[in-house]
Structures are given as structure tokens and as C-alpha cells.
1. Would you order 93, 268, 282 from fewest to most other beta-carbon atoms within 10 Å of each residue's own beta-carbon?
2. May I ask for the Kirkwood hydrodynamic radius of the chain, worked out over all distinct Cα pairs and given in angstroms to one decimal?
3. Which FRET efficiency, nearest 0.05, do residue 130 and residue 152 yield, Cβ-Cβ r, R0 22 Å?
4. Can you give me the convex hull volume of the Cα atoms of the range 74-242, divided per residue and expressed in Å³?
5. In which sequence would 285, 130 go, from the one with the fewest C-beta neighbours within 10 Å to the one with the most?
6. How far, in nm, would the chain grow between residue 113 and residue 255 when pulled straight, counting 0.36 nm per residue and subtracting the alpha carbon separation?
7. Over all alpha-carbon pairs in the range 118-191, figure out the percentage whose distance exceeds 22 Å.
8. Using alpha carbons only, how many angstrom separate the centre of the range 92-118 from the centre of the range 160-175?
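Each reported figure results from applying straightforward, stated rules to the coordinates on display, with no laboratory input. Not measured: the values here are computed from a predicted model. Virtual Cβ from ideal backbone geometry, glycine too; neighbours counted across all protein chains shown.
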């Protein structure tokens, strides 16, 4: 009887989290899945249309533009902020006393509101009137705002998000690097290894699980990215920064085609699922090895 009560108490402890997960994650996911196969404006009764929504977005060239932009965004974020964060975390490992200060400074852009970050970059950096771009255009050479050029708009918005995100990655990698056994580091330096060799053969193997997890999360975040793109360009100019998320948003809240928006959302989830499957496969192979 006492054992049964203990088991019951265990279920009671996890019940709030389970209820929240079902209410906030599972039910909306099921509703989105159902809406993807329906013609619905968000108000009237939905009608089942099968794969018509997927066929419609597949025939829309903007959909493929958005996918390509998301792919480019993913490649950018799997390389530039990752590389910056690994270098910065490695440097912080040599700064025992000031490492805590660096962590706070690096995290400041991440804890600022995306709206504040977007306003800062729009008005102080990219503005042709009051920003750095305008200053260069008036004093050095004529210069167009990169946000107004379809060839550079995506990279300009990505630079804002990189500035906001790389500090977070740095702190994560620094925490993982600090778990490297000190005796292994000392032995490597005593054997005459340089900084790169110590990182390559001692530090990197210890942070591979964290690095793999961050690669998967960054991939998922890249296909879900919305805030900075919408705040700065709303997908323009000429769809140059259109993402799957902004594409779905416009379907849902501009043209009130909730079914098509849900279909785009399922495509976004599919890419995230692929990244998760890849991470699980890598985890299993590393455990078996």
C-alpha cells in the first residue's frame, strides 16, 4: 500500500508538466496538422481539402525562395557564429580572473529584446540618414543601405542575429570546455603541444556532445527564425529575406489562409525533425563506438 502511494506521488509530481506539455505542445501540434489538410480562414468552419494546400504552396515560387533563404541562413549560422564562439571560448579558457566579466558582456546582446536590437541596428548601423551607412555615404563614398539591396539584405539581417546569438554559444562552449580534465591539458602542454593541438586533440573530443547538440539546435532555430527578419525587413526587399516563418505568417494573418500557413509550418517542422533524427543517429553511433 505504501509503495502504491509512493508511485502515485511520483505521478502527481509529473502531472503538472505533463498537462502543460499536452495543452501547449501536443494539442496545438495536432490542430496544426489537421489544419494543414483543410481550407480554413480561422473563423468559419474548416473543410477538408487533402493535399491541396501542399500542392498550392509547392507551385508558389515564393515558397522555394523561402526554403533557399532558410538553407542559406542555416549554413551561415552553422559556420560563422559557431566559429566565433569556439575561438572566443578558447580565449576565455586562458583568462581565469576575467572570464566571468567576458561572459556577462557576451550575453548582453542575447538578453536584450529583439525589438531593441532591431531598432539599434536599423537606426545606428543601417540607416542611410542617421546610421553608419549614412555617415559613410556622406563623408567617404556613396553607399546604399544593405537592407535595401536584394543581394545583401539577407546577409545584413543575418549579421544582426549573429551579433545577438554568438555570445550565447560562447558561454555554452566555455562551460563545456571547463569540464575538460586539467591533468590532460597540463600533460599536453608539457609534451610540447601548441594551442591548436591542445584544442584539436584534447578539448574538442570532450565538447563534441555539446557541439553536436548546438549544431542540431542551431539548425532547428534557423528554420524557425522569424523575429529579426520580420522586425527589420518583413521578408523584403523583393522577397530577398523571405523565410518559411514569414511566409506562413503572411498566409495566416494577411490573407487569412490558415490551411496554407499550417502546411508551411509542417514543412518547417519536417526540417527540424530531420536535424533531430541526425542528432539521435550521431549519439547512438558515438555510444556504440
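1. Listed from fewest to most nearby Cβ atoms, that is 282, 93, 268.
2. For the chain, the Kirkwood estimate is 22.4 Å.
3. So the FRET efficiency works out to roughly 0.65.
4. Convex hull of Cα atoms, per residue: 139 Å³.
5. Ranking 285, 130 by Cβ neighbours within 10 Å, fewest first, gives 285, 130.
6. 48.3 nm
7. 48 percent
8. Computed from Cα coordinates, the inter-centre distance equals 8 Å.
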